[in-house]
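Each remark here refers to the structure printed beneath this line.
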Amino acid sequence: MKKVAYTLAGQAISAGVLFTGAALMAALGCSAGVRANPTGAGGKGGITGPGTAGTSASGAAGNGLGGSTPPIGGIGGIVTNPDGGMGCQHTMYTFDPKIPTVYLVVDRSGSMFHCLSATQNVCPNKADTSWSTLKDAIESVITQLDGQVRFGFTTIFGTDPSNNRGGMCPLITGTLADNVPPALNNASAIKAKYDSLAWPIESESSTSGKKFESPAMYAITAAAKALAADPMQGDKYIIFLTDGQEDYCDDSLEICASDSTVGALQAASAAKVRTIVFGLQTTQFNLPGAVLDEFANAGAGEPTVAAVPTGLDTTAIFDQCQGVTPWKTDLTASGHPTTRGPTAVVGTYATTAGPTKPFKPNASDQSMLLTQLSTALAGVKSCTFDLTATGGASIKVDLKQLSKATIKVDGAAVPLDMTNGWNMINETTLQLFGSACDTWRDPNAKTIDFNFPCEIIVE
């Protein structure tokens, strides 16, 4: 949570922080709550209370009643409770959302540079490509969430090194392509990298060893490994954005590469890295919808149904892929049987699919891209909040008095309920559940308020 310095009665305080020292109690005569607003932008929290001089959200003079306009689009300020209990003598504490970390894994294969409105491998009008429309949408959306999500960036990229073709594909050895490691306030660094990446050359766009390939499995594996090793707390996500057929940095059969990709997504999920899947729709899109569905289910840790022709089982994957060296390597690493049969595949498949569906925006519809990206990234907003001591005291909540607390999302009260409301999962951690979490993760939700009377805060 960002903190913005203010003063009250000569004491330094911070927006978004519950300050309950003696000076504040003497000045306000009340208990205090805290407002968190992790997805807003630009505003500064205001102070409300019974005093004679207030602080406005913009930092201008108050209205003389000790109050100001509620914060809009920024980190919330102190919310006081004139009827609350007296005697809180702690220093500072705050509810902080667990900051999520998101790796954007973006397809940089040759098809991303095809014309959207014409037939040409490398479009002379750069704006008329999936690459450009997606780039513009991503750069816009991550700027809005720059201080609330740790964004990283990498691409699905390489040229074919097999059979002495002269290509280079470091992803095969686990090196992330065009990498920008995750960090807060990373939008400008990601934009600089994204904007600097070279376009393919038309004369090389069909030449093996030079044309841009799509080694998705390797990119997902490398990004998941980096996220799993990241020491920061908070949920970890991959946003997997592709416009078509995957490969092993070569021209292998799509059914083999897709099976390996399912295995990589399931391994990432097992490492507590969830993947959100985008299949950019174009006139050249050549990845069946059933493949995107299995990717989305696998990335969410759900049962996955294999995308094989009707009437066949997963033995069809083995039959077509047993001679593909990268697939055989992945099969061996999976620990699954290596002799012909329905379980001799890289992924783990079920007969019934999970509920998660992929996003399928039209690559030429900028508004649709922005809307679906915003929805997906709002979905990574944390529904878990930590109550941490920032002034030297060890603070926790009396779990027997939770009914005295009030939680609101955009001004609407959230019930104390572990199914579709809020509760403390321990003495220092609050969590939103079910529909309450969904409401908070809605792209339009801007503020969440926590009001805990002093008497339920204990050392």
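The values are calculated or read from the model by the stated rules, or taken from the named source; none is laboratory data. All values derive from a computational prediction rather than experimental measurement. Cβ: placed from backbone, ideal geometry, glycine included. Neighbour counts: every protein chain shown. Heads up: the accessible areas ignore ligands, DNA and RNA and are worked out on the full protein's heavy atoms, side chains in. Shrake-Rupley method; radii C 1.70, N 1.55, O 1.52, S 1.80 Å.
Considering only Cα atoms, the convex hull volume of the stretch 398-444 works out to 70 Å³ per residue.
Highest mean packing comes first when the peptides 200-208, 420-428, 106-114 are listed by Cβ atoms within 10 Å, giving 106-114, 420-428, 200-208.
Taking the average, over residues, of other Cβ atoms within 10 Å as the packing measure, peptides 145-157, 401-413 rank 145-157, 401-413 from highest down.
As a quick test, which of the pairs Lys126/Lys193; Lys126/Lys381; Lys328/Lys357 have an alpha carbon distance above 23 angstrom in this structure?
Working: Lys126/Lys193 17 Å; Lys126/Lys381 33 Å; Lys328/Lys357 29 Å.
The pairs that break the limit, which is 23 Å between Cα atoms, are Lys126/Lys381; Lys328/Lys357.
Here's how it looks for Gly158: its modeled amide H is under 5 Å from those of Glu213, which are all 5 or more places away or on a different chain. Peptide packing: for 95-104, 322-331, 115-124, the average count of neighbouring Cβ atoms within 10 Å per residue gives the ranking 95-104, 322-331, 115-124, highest mean first. Residues in the stretch 304-427 average 50 Å² of solvent-accessible surface per residue, probe 1.4 Å, ligands and nucleic acids excluded.
Of the accessible area of the stretch 278-355, computed with a 1.4 Å probe over protein heavy atoms only, carbon and sulfur atoms account for 55 percent. A crude spin-label estimate for the pair Thr343 and Leu312, with each label 7 Å from Cα along the Cβ direction, gives 2.2 nm. Length available on full extension from Glu202 to Lys328: 0.36 nm per residue minus the Cα-Cα distance, which gives 42.0 nm.
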